[in-house]
Amino acid sequence: MKRLIILLILLAIVSGIAWFFKPKITPYYAQLTKPHVGLAANLQPPSQKDATYVGSQKCRECHKEQYHDWKHSMHSKMIQDIRKDPNVVVADFSKLPDDADFTLKDAVYTIGSKFKQRYMIPAKINGKEDYRLGNYQWNSETKKWQHFKPWKYWYHDAYPHDNHQFPTSNTCDGCHFTGYMATGKRYEPAIACENCHGPGSNHAKEPKNPVYKASLSDPIRTNEVCLQCHMRNRDNRLKKNPDIKALWMDAKDYPDGYQPGKPLIDYKLAAPFVLGKETKEFWANGAAKKNRTQGNEYVRDAMYRHGITCINCHDPHKLTNTAQKSEGNAACMKCHSFGSIIGPHQTSLSAHTHHKADSKGSLCIECHMPKTGRHTGKSPLTVRSHMFAFTSPAETKAWKMPPETNACYACHKDRGLDQLQKDLESWGMVAWRNQEVLSHALLNKNQKEEKEFSSSLQKKSLNHPYISHTLFRRKSQIFKIIFFFN
């Protein structure tokens, strides 16, 4: 009996030690090992296929805690009714420019508030009652009005260049009004429960009829409830006919018809990007230039491919861990710990970052999620990248990105990209991952300079009878021999 008790005590001690030193990734093991069903499978519960939208108040009857958290989040405040609460207006209408085509009395709804606020005005467009946007928006970050032309996006050839004829129903309402994306009806002015869980009428009648719960899905598919809006796109119909003019007055800036659980890839065409080609939405390395591009960046990241999801970092009801209210290193260290198989592969934080442990330079997001994008063209850089892989100063220069988008330069503007790169190299912080980019940039620069030099001499030779050129090739290099005769 004594031996059994001693054995049990030893087993408890060993188990306790094993639990204490277990890898932090262990709680996510079940999630990360779920079978991947692919992007084409329909995961919507069968009982939900004929359900209708009932609104968040119905959900509140049973899910009080989740409703309370959501009600205090920014998702519940994306669209707000000015008539019900005039205090939702954050703009200073006393400074509205004289050429504005609207007044506060004209506006019914606000869109956003944290970074910018736009105003929805009732209008009859294309033969139906709709809403338009005012020609000015309030920049909450600069506290200034700025001119706004809502048609100046990828769909500029699908609408008249007149905001009086530009409907919010085709561009804004799919993501901002619950139910509109799937049905074309504005059930609730907010990003509410059914935006992520799908229509809930059958579940409300009989709780055994489930709604879609993303966390129970293949983790790759879990992200789709976020990607439906947090991933810049084009109208899905362009897959069949790429002529945007064929969608005159009807181009949609959201995945029209989508409901959570359905395969998003059948409804959404991702915004185009090719590595090395800068666009209006992405820098040449794929980092965001605008807001609402988190999904475009994240689907290219290793964490996405291995099954880490948006909701592992963000509570979907509380919307915690935001750019304004970061949880700090604790959010990352839930999985990453020194000595673990997924790193960091150093013995301490200061050894990993080469900065003091309690300094800004040792915050994970400052190096792995630098501010690369803006909410408007006149806003400061406040949109954090979701690519996560560190971008060195040399890469920033090679991709011809503004220095301000580089994590090192953002804090050390006095040193410059070249010196900052030397600092990293002196610490031994070099990687094969970025060597191809740097090699390409270096060799292309030399070839460009060589071409420009040759072109310059050729132009001079037209007016200089004593200059002649002999060009010959050796491997891939072009050597120029210039003979000057006097």
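Within the set of pairs 6 or more residues apart or between chains, which connect a residue that is in the same structural domain as residue 75 (by TED's automatic domain parsing) inside the range 318-347 to a residue that is modelled with pLDDT under 85 and surrounded by 14 or more Cβ atoms within 10 Å (Cβ to Cβ) with Cβ atoms less than 9 Å apart?
none
Please go through (1) among the small types (Gly, Ala, Ser); (2) over 16 Å from residue 122 (Cβ atoms); (3) part of a helix (DSSP H, G or I) for residue 190 and return the number of the only condition it doesn't satisfy.
Only one criterion in (1) among the small types (Gly, Ala, Ser); (2) over 16 Å from residue 122 (Cβ atoms); (3) part of a helix (DSSP H, G or I) is unmet by residue 190, namely (3).
When you go through 91, 123, 158, 182 one by one, which is the residue that is among the aliphatic types (A, V, I, L, M) and in contact with a Leu (Cβ under 6 Å, 6 or more places away or on another chain)?
158
If I go through the range 47-66 residue by residue, how many of them are within 22 Å of residue 187 (Cβ to Cβ) and assigned to a helix (DSSP H, G or I)?
So the count comes out to 9.
Report, by residue number, each residue of the range 103-152 that is outside any strand (DSSP E or B), within 18 Å of residue 252 (Cα to Cα) and in contact with a strand residue (DSSP E or B) (Cβ under 6 Å, 6 or more places away or on another chain).
The one that is outside any strand (DSSP E or B), within 18 Å of residue 252 (Cα to Cα) and in contact with a strand residue (DSSP E or B) (Cβ under 6 Å, 6 or more places away or on another chain): 150.
Which of the residues spanning the range 39-49 are in contact (Cβ under 8 Å) with a residue 40 or more places away in the chain and closer than 14 Å to residue 206 by Cα?
45, 47, 48, listed by residue number.
For residues that are in a loop (DSSP other than H, G, I, E, B), farther than 21 Å from residue 199 by Cβ and of a type in the set (Lys, Arg), tally how many sit in the range 222-272.
2
Looking only at residues that are surrounded by 14 or more Cβ atoms within 10 Å (Cβ to Cβ) and among the acidic types (Asp, Glu) in the range 122-156, which one is nearest to residue 110 (Cα to Cα)?
Checking each candidate, the answer is 130.
Of all helices (runs of 4 or more DSSP H) completely enclosed by the range 361-426, which ones contain at least 1 residues that are within 25 Å of residue 443 (Cα to Cα), out of contact with any Ser or Thr (no Cβ under 9 Å at 6 or more places or on another chain) and not assigned by TED's automatic domain parsing to the domain that holds residue 141?
393-398, 416-426
When the range 300-332 is examined, which residues are found to be in a helix (DSSP H, G or I) and surrounded by 15 or more Cβ atoms within 10 Å (Cβ to Cβ)?
Within the range 300-332, 303, 304, 310, 311, 312, 313, 329, 331, 332 meet the criteria.
Identify the residue in the range 334-353 that is farther than 17 Å from residue 367 by Cα and among the small types (Gly, Ala, Ser) and, among all such residues, is surrounded by the fewest Cβ atoms within 10 Å (Cβ to Cβ).
Going through the qualifying residues, I end up with 339.
Residues 133, 96, 104: which one is within 30 Å of residue 244 (Cα to Cα), modelled with pLDDT of 95 or more and among the hydrophobic types (A, V, I, L, M, F, W, C)?
Being within 30 Å of residue 244 (Cα to Cα), modelled with pLDDT of 95 or more and among the hydrophobic types (A, V, I, L, M, F, W, C) holds for just one of 133, 96, 104, which is 133.
From (1) under 23 Å from residue 223 (Cβ atoms); (2) without any contact (Cβ under 8 Å) to a residue 24 or more places away in the chain; (3) not in a loop (DSSP other than H, G, I, E, B), pick out the condition that doesn't hold for residue 350.
Unmet condition: (1).
The values are calculated or read from the model by the stated rules, or taken from the named source; none is laboratory data. Everything quoted here is computed from the prediction, not taken from an experiment. Backbone-built Cβ (ideal geometry, glycine too); neighbour counts: all protein chains shown.
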